[in-house]
1. Just a yes or no: is a residue in the stretch 8-29 farther than 21 Å from Asp136 by Cβ and assigned to a loop (DSSP other than H, G, I, E, B)?
2. Please give the strands (runs of 3 or more DSSP E) falling wholly within the stretch 60-159 in which 2 or more residues are crowded, with 20+ Cβ neighbours inside 10 Å and not polar (S, T, N, Q).
3. Check Ser119 against each of (1) more than 22 Å from Leu39 (Cα to Cα); (2) at pLDDT below 95 and name the one condition it does not meet.
4. Give me the pairs: first residue in the stretch 31-53 and closer than 15 Å to Arg16 by Cβ, second residue assigned to a helix (DSSP H, G or I) and basic (Lys, Arg), beta-carbon distance under 7 Å, and six or more apart or on different chains, which are they?
Amino acid sequence: MEFREATAEDVESVQRVARTSWHQAHDHLIGEDAVDEILGMWYDRDALTESIDRDDAPMFLAVDDGEVVGFAQGEPSNDGPADAVVGRIYVLPEYWGKGAGTNLLNRLFDSFRAAGHESVWLSVMADNDVGRSFYDKHGFNVHEERTVELTEQEIDDVILVRGL
């Protein structure tokens, strides 16, 4: 497996990974239609291209045999409980537990440290057992439990934090 930074040419591959992994991780929590709605908002081609092109928000890719199988992106945080945030991290389900997510997260952490950040936060659906287990394994701790509105549903959400 190889790891590299994303470019605008990777948008369709990132969208494919997002679609597959979001449905696997969230359909049973919020429903397939809600997942499709979120994907349409958060992974719109133009917005995703703009996001990948940002200098302060690196996106790293996991690539296996020429195919993008995972991605992670983060940025500085001005309004959270830490000074950097993991905004996105998704890996194709068939690669869960094979080190792709850990490598992506570590690359993100390295980029945060290089930019002078000292801590990182993220949010995850409270009932997303796969995600929660992954973040627990990587030293994240519960900072806050909350309820948020997403696709006109109330969702239990957790803010997790860790030092870098």
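The values are calculated or read from the model by the stated rules, or taken from the named source; none is laboratory data. Bear in mind that the values here come from a model prediction, so they are computed numbers and not experimental data. Cβ sites come from the backbone with ideal geometry, for glycine too, and all protein chains shown count toward neighbours.
1. Filtering the stretch 8-29 for residues farther than 21 Å from Asp136 by Cβ gives 8-20, 23, 27.
Then drop every residue that is not assigned to a loop (DSSP other than H, G, I, E, B), which leaves none.
No, the stretch 8-29 contains no residue that is farther than 21 Å from Asp136 by Cβ and assigned to a loop (DSSP other than H, G, I, E, B).
2. Values: elements: 67-76, 84-91, 119-125, 141-150.
Where strands (runs of 3 or more DSSP E) fall fully within the stretch 60-159 and carry at least 2 residues being crowded, with 20+ Cβ neighbours inside 10 Å and not polar (S, T, N, Q), they are 67-76, 84-91, 119-125.
3. So the condition that Ser119 fails would be (2).
4. If the second residue must be assigned to a helix (DSSP H, G or I) and basic (Lys, Arg), the pairs left are Leu39/Arg19.
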